[in-house]
Amino acid sequence: MTITPDTAPSPPVRPIDPVQAAVDLWANLKEYQPAIAGALALHIRDFPVDWPQREFGIARPHALLTLQPPLRPGDNLMPEAAPYTPDIEECQACVEAGLICRWHAGQASAHEYWHNHVMAAIKADRDARVDDVLLHQEAEEEGVACRCRRCAPTKPAPARRSWWRRALKFLTHSLED
């Protein structure tokens, strides 16, 4: 089955009450980010009278409440202002969003990306080490030569002198003593 843009499943859209979301966002901004709340208030106060037309191309301010979010995965998340905590059980942003917050969603995506990358490398080479895979990935992203165990140039073994040279050196040292 080929998915074309016309038949591609659209991402789920959560119904969000924009007025309630704005009230919650403002309350949380004031509580958790007072400087940002103040800067936002100053910025909005400087808007000209015709700001809906300039910013959104809509003449009536109340028509702004009917604007739909872009239909891309992750774009219809509830806006969060609460601080993020590594412990998902105590994260105020997760509580505020009602699901998983943007920070935890990003962390989960990053962990999944690295897990898939490491597993693909291990499937390709059973002797691959995780630290070598991560070093190789970092080198690829930075555009520098990889220095992992597999990619590092092997040092040539020190050349061993011939038996004749070794014997001559031994005899020379023996005669000097």
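Obtain the nm distance between the two label points defined at Arg147 and Tyr113 by a simple spin-label model: each point lies 7 Å from its Cα along the Cα-to-C-beta direction.
2.4
What ranking do Ile88, Ile44 get, fewest neighbouring Cβ atoms within 10 angstrom at the top?
Lowest to highest Cβ neighbour count: Ile44, Ile88.
Here, each number is a calculation from the coordinates, and none is a lab measurement. Please read these numbers as outputs of a predicted model, since none were measured by experiment. Counting neighbours? That spans all protein chains shown, and the Cβs are built from the backbone with ideal geometry, glycine included.
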